[in-house]
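Below is one structure, written out as structure tokens; the observations come after it.
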Amino acid sequence: MTSDIFTYITQQEALYQTDEIRVLDNWNWNMRNHIQMSLMLKHGKFVTGDNNWLRPFKKVIYPLLNIRYRAEDIEVKDIVLHAEHENGRVISFLLKRYYEDIYIKENNLDTLIDKMGKENITLGGVLVQKGKELPEVLPLVQLAFCDQTDIKNGAIGFKHYFSVDSLKKMSSLGWGEAKNGATISIDDLVILAQNVKDAPGGNNKEQNKVPSKAIEVYIVRGNFPESYLKDNGNTDNYFYQLYVVAFYVNDKNEREKVILYRNKENENVLKFYTGEEIIGRALGYGGAEMLFDEQIWSNFLEIHKMSLLEAASKIPLYTDDPSYVNRNKIQDMENLEITTISEGKVIRQVPTAAPVNIQLYERSINEWFSHAQLIGSAQDPLLGRQEFAGQTFRGQERLVQEGMSLHEYRKGQFAKFIEEIYYDWIIPHLVKKILNGNKFFSTLTTEEMSWVSDNLAENHANRENMELVLNGELPKGGISFEENKEVLRQEFLTKFSKNGNRYLLKILKDEFRDVKIKITINVAGKQKNLGTMSDKILSIFQFIFANPQAFQQAMQIPSLAKSFNDILEMSNISPIDFSSLMQTQIPQIQQTQQQTQQITPQKIPELALQ
């Protein structure tokens, strides 16, 4: 092991750029080269030689990757949250309203999921870090080094360039403080920084000049000896550590090194996913890599076809009249200009590239692209093109469905990774926000308005009747408590309906203080029993349409009502939309002789709307 963290970083970065690992007997692989090649070919750049547009580049990878980006994209609307406990309907309502109206927009979750999907599809893997507020994608092109055989379990380092403002914000994480092992403050480091950056994933030789200061920072995680952290020479004791190391160039053009942060760290801060794992190497089989051969050979053929076209565009001539060239300069002639040739002599065109040869190249190029479509599951219907003349709409639709099957399979696999991120990082943060008693505006649908108003009216009526009982009073007008409850409900509903459908929704901080919220999540329909539930809900709908009154009566049984609501929520359907179907008609109010009967209010968590 090296003597200090600085030497370790420098050594590992050099090895990462040059060393190849052995994947199989005749397969050597370097991760940096793989990432560079994937991104360059995707964006239409040659890996070797000049990129000066003097050689044709037929983009095969880019359009086919775009098909995968769209076909395998998981949108936020595909993610369904559901609370499981005795008051789950109310908490689910609050959870969904806050999640959809506030949390998604404030935290830009769509962008996060898109970044994860594109990184995985392009490079064969995505690395996500637990953030202070939300997870963040760590671009693999910014890797300084890692274990090229197993990215999850080895030491890993990322090279970043911070602007002055972004670096100063890191002081909230303790960067630049001596108590966290820093050897320089952030302000002092900013003064020493220069206006240059290394190219992402570069070899530290080529630098880009930038208009403002850029601070070169390495963030390194891994199991390191205690001597790295405490400078005590103990190289026997290892534990997981986090280092933030910065480099700058001094007046003598020497590379100086400083520490901004070093400490022990929890190992569960990174998550890695690959759709098609390759045992023995860090990244799986990426979408760009799948098309390397097709892209390279298409370029090869296009370059040679262009050479033929250049030859065919020239019109060289030959003649057996030796004096013709001296008398005439063909390249200087005007159109329809008349010249003379010696008697018995001829002028002929030199044969150049035959059209049949160019067609052979075109055919081969098309064959490679067709093969690329097969590998990328991007047949003509997915590209918006008709498969063949006369194709029917129904046939086209079936071809699209069949072409999407592999994309749906991959999408389902990726959904489980997103589910894991939600469970471990996003939902705890979301629940914490909810339990803090937030206020937010929300526009309720008609069914939500009906459901919310019924719950609020029920709570209002129960509280009013309870006050009468506790004070030893009877309802006015000599009516029963049950009749008074209905009168109070109707009065509340009448007043509530005049307020419109946009409310300042307040989650009462103490309402769920002692309630342990358990969340279930369904991402892109990946739950195992979703198909069974769909069959059940179809059967239920058939029953509802056949006998709506019997259904309403069945929904008054708590166990049946709960099961029905669970099926709806797991099928990404709001139970609130069916609340009116689940209510029976209000029976005619009966007179009762017992005016002071005991009242047991229904326990419903209150929704505060202002």
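Before moving on, here are some points about what is shown:
- Test: residue in the range 345-355 that is at pLDDT 85 or above, out of contact with any helix residue (DSSP H, G or I) (no Cβ under 7 Å at 6 or more places or on another chain), in a loop (DSSP other than H, G, I, E, B) and surrounded by 12 or more Cβ atoms within 10 Å (Cβ to Cβ): yes
- In the range 157-183, the residue that is modelled with the highest pLDDT out of those that are under 26 Å from the mean Cα position of the chain (by Cα) and basic (Lys, Arg) is 159.
- Among the residues of the range 306-359, those that are within 30 Å of residue 57 (Cα to Cα) and either among the hydroxyl-bearing types (Ser, Thr, Tyr) or more than 60 Å from the chain's Cα centre (by Cα) (or both) comprise 307, 313, 352.
- Residue under evaluation residue 66, criteria (1) without any contact (Cβ under 8 Å) to a residue 40 or more places away in the chain; (2) touching a helix residue (DSSP H, G or I) at 6+ places or on another chain (Cβ under 9 Å), criterion not met: (2)
- Selected residue (only one of 232, 250, 266 is under 26 Å from the mean Cα position of the chain (by Cα), loosely packed, with under 13 Cβ neighbours inside 10 Å and not charged (D, E, K, R)): 266
- Test: residue in the range 149-162 that is hydrophobic (A, V, I, L, M, F, W, C), within 19 Å of residue 248 (Cβ to Cβ), touching an Asp or Glu at 6+ places or on another chain (Cβ under 6 Å) and not in a helix (DSSP H, G or I): no
- Residue 117 of a type in the set (Gly, Ala, Ser), at pLDDT 80 or above, open to solvent by 10 Å² or more (accessible area, probe 1.4 Å) and out of contact with any Phe, Trp or Tyr (no Cβ under 7 Å at 6 or more places or on another chain): no
- When restricted to residues that are farther than 30 Å from residue 340 by Cβ, without any contact (Cβ under 8 Å) to a residue 40 or more places away in the chain and part of a loop (DSSP other than H, G, I, E, B), the range 280-325 contains 0.
- For the range 249-293, filtering for residues that are closer than 30 Å to residue 369 by Cα and polar (S, T, N, Q) leaves 1.
- Test: residue in the range 10-21 that is without any contact (Cβ under 8 Å) to a residue 60 or more places away in the chain, farther than 21 Å from residue 293 by Cβ and acidic (Asp, Glu): no
- In this entry, residue 7 is excluded by the filter for residues that are in a loop (DSSP other than H, G, I, E, B) and not hydrophobic (A, V, I, L, M, F, W, C).
- Every residue from the range 17-43 that is assigned to a loop (DSSP other than H, G, I, E, B) and surrounded by fewer than 16 Cβ atoms within 10 Å (Cβ to Cβ): 19, 20, 25, 26, 43
- Residue match in the range 54-70 (condition: assigned to a helix (DSSP H, G or I), modelled with pLDDT under 95, out of contact with any strand residue (DSSP E or B) (no Cβ under 8 Å at 6 or more places or on another chain) and basic (Lys, Arg)): yes
- Within the range 160-182, the residues that satisfy the criterion of being loosely packed, with under 15 Cβ neighbours inside 10 Å and closer than 23 Å to residue 227 by Cβ are 177, 178, 179.
The values are calculated or read from the model by the stated rules, or taken from the named source; none is laboratory data. Just so we're clear, the structure is a prediction, and the values are computed from it rather than from any experiment. Positions of Cβ are generated from backbone atoms using ideal geometry, with glycine treated the same way; all protein chains shown enter the neighbour counts. Protein only, heavy atoms only, side chains kept; ligands, DNA and RNA dropped before computing areas. Shrake-Rupley method; radii C 1.70, N 1.55, O 1.52, S 1.80 Å.
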